[in-house]
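Taking it in order: structure first as structure tokens, then the write-up.
The values are calculated or read from the model by the stated rules, or taken from the named source; none is laboratory data. Bear in mind the structure is a predicted one, so any value in this text is a computation, not a measurement. Because the Cβ atoms are built from the backbone with ideal geometry, glycine has one as well, and the counts that use them run over all protein chains shown. These area figures cover heavy atoms from the full protein model, side chains too; ligands, DNA and RNA do not enter into them. Shrake-Rupley method; radii C 1.70, N 1.55, O 1.52, S 1.80 Å.
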Protein chains: 2
Amino acid sequence: MIHVFKKYLIDKITITDEEWALFEQYGVMKKLRKHQYLLQEGDVWKLNAFVCQGCLRKYHVDDKGIEHIVFFSIENYWTGDRESLLSGLPAKSNIDAIEDSVVLLYSIENFELIKSKIPAFKDFVIGLLERSFVVSQNRVHSFISQTAEEKYLDFIKTSPQIAKRVPQHMIASYLGISPETLSRVRKSAVKK
Amino acid sequence: MIHVFKKYLIDKITITDEEWALFEQYGVMKKLRKHQYLLQEGDVWKLNAFVCQGCLRKYHVDDKGIEHIVFFSIENYWTGDRESLLSGLPAKSNIDAIEDSVVLLYSIENFELIKSKIPAFKDFVIGLLERSFVVSQNRVHSFISQTAEEKYLDFIKTSPQIAKRVPQHMIASYLGISPETLSRVRKSAVKK
DNA sequence: GAAAAAACTTGACAAATATCAAGAGGGATC
DNA sequence: GATCCCTCTTGATATTTGTCAAGTTTTTTC
């Protein structure tokens, strides 16, 4: 299953066989069954996780027990709780598998080590972070300016692969609207 | 005015006099009068801007001509349009001064040059980006889970310095609510 | 310091969205 | 293949928030 990561990596940067050996050496593969947790609220997150197969979600649970999904990760996405990673404090979020999944884990120490040994990888990770920030900012913009319908149409346009495989009520959660509203939005959007 | 940046910098990382000279050499100071643009939609953004004094906002204008504020930057904050910077495409956002302001500008080429010459600075910028991403994600979380009142109370708690100096209707825009709703929220929140 | 502009508040009403409740459909499981 | 669970839909109603309009207060400008 590590070939998924290798393909991803060589598609982004040029690396030697010796360098690739580092990724193989330090990476730990983990299988997750549907509904299984990768991170539970209260635990400290100390990893970087690359999704080789499947689909995961990161979410918060509020006082009323309602789940709010912050993001989805499918194949070739990274996941984790950067806030806990940076602060060393217990995570406020949960990450679990929506489908049976396979993730490749790097402890933060090993990840830093690899970055220091492979400057091109470090630069790639910086670029990734920069793009992630832009995506996040655009999502903020969508929340302050769009209606439920606009957010949904935007979502299926920008994330069709995720829209297809994730249950509708989770998409509603991700968009910050109720499942009923999403159902109605879809119905009326089809007509147009 | 560059002393503001120097203070900021030596507070974060240890640098030599020679290294500081780079920042002085490449930085361009720019004064902005209130309402003056630092970036206008349609222009390509190629800088990194550090705010030495004043307050700026980054915002988008929608089809109806309504401004949606994505973020505020005061002293010791950075601003810019990373999306345009990364893509090389015209910016979709505007940045202007809410107060008379002074910003320190680095062209992206010079900024990269400095980062390559001062690894500690490069690492600091990465950490900054990581924290910015976390802040942005938390803001997304606030949008999917909080009411207008909760968002406002959260805002004045986490950004009291900004809440104090920015007009209320701009805070409303930043929170994604109407000025009238914010006015009512404030009124009812005071009672509690 | 007067005039003009901008910012804020308030009320009445409209629209969007949430909530609650019931039921229908589809897929997993034994 | 029957049962159960999960998901989605739909209707009725409640709540939140937005819109429009007017008036008041505050700030800016000359």
Task: Principal semi-axes in Å for region A:1-75 [√(5λ), Cα gyration tensor, largest first] - done: 30, 13, 11
Task: On Cα atoms only, tilt of B:108-117 relative to the major axis of chain B in degrees - done: 60
TODO: Calculate, for A:Thr16 and B:Lys157, the FRET efficiency according to 1/(1 + (r/R0)^6) with r their C-beta to C-beta distance and R0 45 Å; round to the nearest 0.05.
DONE: 0.35
- [ ] Whenever you get a sec, compute what percent of the accessible area on the protein assembly as shown sits on carbon and sulfur atoms (1.4 Å probe).
- [x] 52
Open item on the list: I want the local charge near B:Phe124. Using Cβ-Cβ distances under 11 Å, sum +1 for each Lys or Arg and -1 for each Asp or Glu among the other residues.
Closed with: +1
TODO: With a probe of 1.4 Å, find how much accessible area the protein assembly as shown has per residue, and write the answer as a whole number in Å².
DONE: 52
Task: Threshold 40 Å², region A:128-164 residues less accessible with all protein chains present than alone (1.4 Å probe) - done: A:Leu129, A:Glu130, A:Phe133, A:Val134, A:Ser136, A:Gln137, A:Val140, A:His141, A:Phe143, A:Ile144
Task: All Cα pairs of the protein assembly as shown, percent lying beyond 30 Å - done: 46
Task: Listed residues A:Asp100, A:Asp63, A:Asp81, most fluctuating in chain A (Gaussian network, C-alpha, under 10 Å) - done: A:Asp63
Open item on the list: For a quick check, take a GNM of chain A with Cα springs below 10 Å and name the residue from A:Ser173, A:Ser84, A:Ser159 with the largest mean-square fluctuation.
Closed with: A:Ser159
- [ ] Compute the label-point distances linking A:Met1 to its equivalents in the other copies; points lie 7 Å from Cα along Cα→Cβ; give nm, one decimal, shortest first.
- [x] 5.5
- [ ] Compute the acute angle (0 to 90°) between the alpha-carbon long axis of helix A:119-145 and the principal axis of greatest extent of the alpha-carbon atoms of chain A; round to the nearest 10°.
- [x] 10
- [ ] Anything over 25 Å Cα to Cα? Flag those among A:Lys115/B:Lys115; A:Lys31/A:Lys58; A:Lys46/B:Lys164; A:Lys6/B:Lys46, in the order listed.
- [x] A:Lys46/B:Lys164; A:Lys6/B:Lys46
Task: Solvent-accessible area buried by pairing A with B, both sides, nearest 100 square angstrom, 1.4 angstrom probe - done: 2900
Task: Choice from B:Glu18, B:Glu41, B:Glu150 showing the highest fluctuation, given a GNM over chain B with Cα pairs closer than 10 Å - done: B:Glu18
TODO: Enter the accessible area of A:His169 (Å², nearest 10), with the probe set to 1.4 Å and all protein chains included.
DONE: 100
- [ ] Report, to the nearest 10°, how far helix B:2-12 tilts away from the longest principal axis of the Cα atoms in chain B, using its own Cα long axis and a range of 0 to 90°.
- [x] 90
Open item on the list: I'd like the distance separating the alpha-carbon centroids of region A:1-50 and region A:82-102, in whole Å.
Closed with: 14
- [ ] Grab the other residues whose beta carbon is less than 14 angstrom from that of A:Ala49, score K and R as +1, D and E as -1, and report the net.
- [x] +2
Task: Rg over Rh [alpha-carbon atoms, Kirkwood Rh] for chain A - done: 0.99
